[in-house]
Amino acid sequence: RLYGVSVHELWPPGTVDDMDRRHFLQAIAATTGGALLDGSGDELGALQAITRGFQALEPTTPSGALWGPVVGHLKLVGDRARRGPRYAQEAAEVARLGAWLAWDQEDHQQAELMYQQAIRYAPQSANERAIRFMEGSRALWLTETGQGVRVATFFNWSMSSPWFSTMRATLASAAGDADLTISALRDAEGRVSSPTDHRKLLAYTGRAYVRLGWHQAAQTALREALDGMPPTKYRGVLLT
């Protein structure tokens, strides 16, 4: 009823099991599910709420459990991407989430396909930041999985946000460029304000230091980042 399609269209036979369907219903419950069905006609708002529900579940829900529902959601949002820039931006965001889930399951072929979709939808959003965000997310994935990326390209961006600065630091540290890493981290530090953002920055900093071989400094940063962090997938990554 919510999507306006049949169950078999949303979940073709043989692609998911009953457990996936239950997780999808849990995801809907995590959003403003009741409000989505109030007949207001805000289709884009309903789609965005479902995406945010999946994003809220992602840190603590097994990626395999979310994979099927998110792929179904992407098909629906992607089919509507031509309706306008905001639909296209939402499609890019869902595709990026799908790439995360594939990456978590070490399915790099699916991760690449999802990132390609995100990068294809992003220009239709007419939002430069969204375009760079999708390109940067793919670059991080390539770096984290040892596939390499041209660091210089991303240092020419004029985007000003802590996220872009920490992304530059990650790419630079993977390339072994200590000077660019420190410069990017300092730029990020000057842009963070909340304690949560500061903890995220410490996490990026610690991981960058590990790549550069600065193990004592890395331990200090990672311990501070882990202090008080809830039990999420990312906490597991930092501990590892």
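The table below lists the values:
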read-out: Identity of the residue in the stretch 99-149, farther than 22 Å from Thr166 by Cβ and small (Gly, Ala, Ser), that ends up surrounded by the fewest Cβ atoms within 10 Å (Cβ to Cβ); value: Ala126
read-out: Those residues of the stretch 52-82 which are outside any helix (DSSP H, G or I) and closer than 18 Å to Asp107 by Cβ, in sequence order; value: Glu58, Thr61, Pro62
read-out: Identity of the residue in the stretch 186-219, in contact (Cβ under 8 Å) with a residue 12 or more places away in the chain and over 21 Å from Ala174 (Cβ atoms), that ends up surrounded by the most Cβ atoms within 10 Å (Cβ to Cβ); value: Val192
read-out: Filtered residues of the stretch 63-98 (kept if open to solvent by 20 Å² or more (accessible area, probe 1.4 Å), over 16 Å from the mean Cα position of the chain (by Cα) and under 21 Å from Glu128 (Cβ atoms)); value: Arg82, Arg83, Pro85, Arg86, Tyr87
read-out: Per-region count, the stretch 206-218, residues over 26 Å from Glu106 (Cα atoms) and in a helix (DSSP H, G or I); value: 3
read-out: Residue in the stretch 220-231 that is farther than 20 Å from Trp163 by Cα, open to solvent by 40 Å² or more (accessible area, probe 1.4 Å) and assigned to a helix (DSSP H, G or I) present; value: yes
read-out: Residue tally, condition within 20 Å of the chain's Cα centre (by Cα) and part of a helix (DSSP H, G or I), over the stretch 175-205; value: 11
read-out: Matching entry among Leu47, Leu10, Leu36 (being surrounded by 17 or more Cβ atoms within 10 Å (Cβ to Cβ), modelled with pLDDT of 85 or more and not charged (D, E, K, R)); value: Leu47
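The values are calculated or read from the model by the stated rules, or taken from the named source; none is laboratory data. Nothing here was measured: the structure is a model prediction, and the numbers come from that model. Please note: Cβ atoms are built from the backbone with ideal geometry, for glycine as well, and neighbour counts cover all protein chains shown. Just so you know, the surface numbers come from the protein's heavy atoms only, side chains and all, with ligands and any DNA or RNA stripped out. Shrake-Rupley method; radii C 1.70, N 1.55, O 1.52, S 1.80 Å.
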